[in-house]
Amino acid sequence: MSNPRNVAIIGAGIGREHLDAYLQLPDKFTVSILCDLDAARAKEVLINSPTTRYIDSINTVLQDESIEIIDICLPPHLHFETCQRSLSAGKKVICEKPLVSSVKHADELIELSNSKGLPIFPVFQYRYGLGGMQMRKLIDSGLTGKAYTGTLETHWNRGPAYYEPQWRGTWAGEQGGAVLNHAIHMHDWLNFVFGPVESVFAQLATRVNDIEVEDCAALSLRMKSGALVTSSITLGAANDTSRLRFCFEGLTAESGTNPYAPADDQWSFIAREPFNQTNIDQELASITKPPSGYVGFFTAIADALDGKNGHEVTLADGRRSLEFVSAVYASARAQQPVELPLTANHPSYGGWGPN
């Protein structure tokens, strides 16, 4: 077993949840530094981690040779520069979603990551949990057969209080709306289960809040496999629910409605004749419950850094997510389907925001 890897978290907002997860993996990670401009907020987060130092300067963090991993938990518009600076300082990087604000920036990070020999792990913790492992196990075993259709629901409740921070609800601060910042995890699940998206037709609207970006969306997708998928998104629901449903030749898989941990929710897997329910149940019975959410995500990173690849979120996964978002916004503006993959000469390659 390797020694715990030394981590600095940049940003005490969602960084609080990252720290909680790291503290459950003391044999894999040590969080030595929490960096934030708001000292009061940071020190409140550190109540349960007395060995973690508070620092208010990212320059100081990047100069610390003892830090191996920079975990970026900043507002989205700061991700690209902070990733660049971290890689240039010789650090491995974990970065919250959305990774950056264009496919072009993603490609630049891929080039820098390769040249430095240092990985970037985009954050997609929703795929980690028993349901996620069950779904992948059934696909890999051949018991699903051909993919037919799928439906994704991201129905959450976000009102004025959520948008009190000035950067939220703006193109400059959040880089996008519900498609980018709320449903992005569900669309990662789509790639995780059904593979690459081939075509997107999107309808977007701002109906719930007085903000610049969209808070409702209806997406119609065709996958490279030929499967057809719909994604329904709103921030105007009465409560927060997320649901995934995948119809295959051999079975139908459906999650519960846990909004923030669909992979850890109770799933149903129902056989479709001539496939056999007993075979499905036997395959599922062989699975040991894995770590979920951020704990599962960070465990996969530790395994990857120890040479046991296969379950981590990759930089290529992050790029596919951003390519999909670019296609969604391009389709909504053009009011026509957009084909994937996007080439470097596509108008949205350099960014999906308004001109």
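For this structure, a couple of remarks:
- Selection from the stretch 114-153 of residues that are over 27 Å from residue 220 (Cα atoms), surrounded by fewer than 18 Cβ atoms within 10 Å (Cβ to Cβ) and either of a type in the set (S, T, N, Q) or under 19 Å from the mean Cα position of the chain (by Cα) (or both): 114, 115, 141
- Among the candidates 51, 30, residue that is of a type in the set (Val, Ile, Thr), over 28 Å from residue 166 (Cα atoms) and without any contact (Cβ under 8 Å) to a residue 24 or more places away in the chain: 51
- Meets criteria (under 30 Å from residue 170 (Cβ atoms) and assigned to a loop (DSSP other than H, G, I, E, B)) for residue 327: no
- Matching residues in the stretch 253-274 - criterion: being of a type outside the set (D, E, K, R), surrounded by fewer than 18 Cβ atoms within 10 Å (Cβ to Cβ) and over 20 Å from the mean Cα position of the chain (by Cα): 266, 268, 270, 271, 274
- Enumeration of residues in the stretch 73-129 that are among the acidic types (Asp, Glu) and touching a residue at least 60 places away in the same chain (Cβ under 8 Å): 96, 107
- As a summary of the residue check, residue 351 satisfies the conditions (1) part of a helix (DSSP H, G or I); (2) farther than 19 Å from residue 119 by Cα; (3) within 19 Å of the chain's Cα centre (by Cα); (4) not polar (S, T, N, Q) except for the one numbered (1).
- Residues located in the stretch 285-312, provided they are assigned to a helix (DSSP H, G or I) and surrounded by fewer than 16 Cβ atoms within 10 Å (Cβ to Cβ): 285, 303
- Filtered by the rule that a residue be out of contact with any Cys (no Cβ under 6 Å at 6 or more places or on another chain) and under 21 Å from residue 262 (Cβ atoms), the stretch 142-161 gives 143, 144, 147, 150, 151, 152, 153, 154, 155, 156, 157, 158.
- Residue match in the stretch 223-230 (condition: more than 20 Å from residue 342 (Cα to Cα) and not charged (D, E, K, R)): yes
- Of the residues making up the stretch 40-58, those that are more than 18 Å from residue 75 (Cβ to Cβ) and either surrounded by 13 or more Cβ atoms within 10 Å (Cβ to Cβ) or touching a strand residue (DSSP E or B) at 6+ places or on another chain (Cβ under 9 Å) (or both) are 43, 46, 49, 51, 52, 53, 54, 55.
- Number of residues in the stretch 178-213 that are under 18 Å from residue 335 (Cα atoms), touching a residue at least 40 places away in the same chain (Cβ under 8 Å) and not in a strand (DSSP E or B): the value is 2.
- Residue under evaluation residue 26, criteria (1) loosely packed, with under 14 Cβ neighbours inside 10 Å; (2) under 21 Å from residue 75 (Cβ atoms), criterion not met: (2)
One line per residue, one yes/no per condition, for (1) crowded, with 23+ Cβ neighbours inside 10 Å; (2) in contact with an Asp or Glu (Cβ under 6 Å, 6 or more places away or on another chain); (3) acidic (Asp, Glu):
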site	(1), (2), (3)
167	no, no, no
172	no, no, no
175	yes, no, no
178	yes, yes, no
195	no, no, no
198	no, no, yes
203	no, no, no
206	no, yes, no
211	no, no, no
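- Test result for residue 58, more than 17 Å from residue 17 (Cβ to Cβ) and out of contact with any Asp or Glu (no Cβ under 8 Å at 6 or more places or on another chain): yes
- Of the residues making up the stretch 6-32, those that are assigned to a strand (DSSP E or B) and under 22 Å from the mean Cα position of the chain (by Cα) are 7, 8, 9, 10, 29, 31.
- Any hit, the stretch 331-348, residues being basic (Lys, Arg), outside any helix (DSSP H, G or I) and over 16 Å from the mean Cα position of the chain (by Cα): no
- Hey, residue 215 surrounded by fewer than 15 Cβ atoms within 10 Å (Cβ to Cβ), of a type in the set (Asp, Glu) and farther than 21 Å from residue 145 by Cα or not: no
- Residue 77 at pLDDT below 95 and more than 20 Å from residue 16 (Cβ to Cβ): yes
Yes/no matrix, rows are residues, columns are (1) out of contact with any Ser or Thr (no Cβ under 9 Å at 6 or more places or on another chain); (2) more than 30 Å from residue 288 (Cβ to Cβ):
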residue: 83; (1), (2): no, yes
residue: 92; (1), (2): no, no
residue: 105; (1), (2): yes, yes
residue: 111; (1), (2): yes, yes
residue: 119; (1), (2): no, no
residue: 122; (1), (2): no, no
residue: 139; (1), (2): yes, no
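The values are calculated or read from the model by the stated rules, or taken from the named source; none is laboratory data. In this text the structure is predicted, and so the values were computed from the model without any measurement. Because the Cβ atoms are built from the backbone with ideal geometry, glycine has one as well, and the counts that use them run over all protein chains shown.
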